[in-house]
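Any read-out appearing in this document is the output of simple, stated calculations on the displayed coordinates, not a laboratory observation. Quick caveat, the model's predicted, so the values are computed rather than measured. Cβ: placed from backbone, ideal geometry, glycine included. Neighbour counts: every protein chain shown.
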Amino acid sequence: MKKIGKEVLFLEAKGNIPRNGEGSFIRLNDGRIMFGYTEFVGNDWNDDATANISVIYSSDEGETWTAPEILFRKPEDA
């Protein structure tokens, strides 16, 4: 099988983030790439666990990425 593309990003699970989940890439009007993804928080990594929606950005076609920013924070009572 022919390999197409390359891995451009690996989001490590560590500390209070037991798992990073599904996400999507989008090209912004200014040319940057934004990756939005599910960032599970706490001690539970199951699909129904508490999570934030975080984003990172690349301005060099995915070669490097910014530090994650929380776009939507989990509710305090979640």
- Starting from the stretch 67-78, keep only residues that are under 11 Å from residue 51 (Cα atoms), then list their pairs with residues that are assigned to a loop (DSSP other than H, G, I, E, B) and among the aliphatic types (A, V, I, L, M) whose Cβ atoms are within a distance under 6 Å, requiring at least 6 positions of separation or different chains. none
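Being more than 10 Å from the chain's Cα centre (by Cα) and either loosely packed, with under 15 Cβ neighbours inside 10 Å or outside any loop (DSSP other than H, G, I, E, B) (or both) is the requirement here; does residue 8 meet it?
yes
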- Message: Condition first: among the small types (Gly, Ala, Ser) and out of contact with any strand residue (DSSP E or B) (no Cβ under 9 Å at 6 or more places or on another chain). Can you find one or more residues in the stretch 51-74 that meet it?
- Response: no
- Among residues of the stretch 15-31, those that are under 16 Å from residue 49 (Cβ atoms), in a strand (DSSP E or B) and not small (Gly, Ala, Ser), counted: 4
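Could you please give the count of residues in the stretch 51-71 that are exposed (fewer than 14 other Cβ atoms within 10 Å of the Cβ) and over 21 Å from residue 29 (Cβ atoms)? Full working, then the answer.
Let us first name the residues in the stretch 51-71 that are exposed (fewer than 14 other Cβ atoms within 10 Å of the Cβ), namely 60-61, 63-64, 66-67, 69-71.
Subset that is over 21 Å from residue 29 (Cβ atoms): 67, 70.
Total meeting the criteria: 2.
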- Of (1) out of contact with any strand residue (DSSP E or B) (no Cβ under 8 Å at 6 or more places or on another chain); (2) in contact (Cβ under 8 Å) with a residue 40 or more places away in the chain; (3) of a type outside the set (D, E, K, R), residue 42 satisfies every one except (2)
- Query: Which ones in the stretch 32-78 are among the aliphatic types (A, V, I, L, M), more than 10 Å from the chain's Cα centre (by Cα) and not in a loop (DSSP other than H, G, I, E, B)?
  - Reply: 33, 51, 71
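Among what's in the stretch 22-50 and is hydroxyl-bearing (Ser, Thr, Tyr) and farther than 16 Å from residue 12 by Cβ, pick the residue that is surrounded by the most Cβ atoms within 10 Å (Cβ to Cβ).
Narrowing the stretch 22-50 to residues hydroxyl-bearing (Ser, Thr, Tyr): 24, 37-38, 50.
Now narrow it down to the ones that are farther than 16 Å from residue 12 by Cβ: 24, 50.
Details: 24: 8, 50: 12.
Checking each candidate, the answer is 50.
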- Message: Checking residue 16 against (1) in contact with a Gly (Cβ under 7 Å, 6 or more places away or on another chain); (2) surrounded by 12 or more Cβ atoms within 10 Å (Cβ to Cβ), only one condition comes out false. Which one?
- Response: (2)
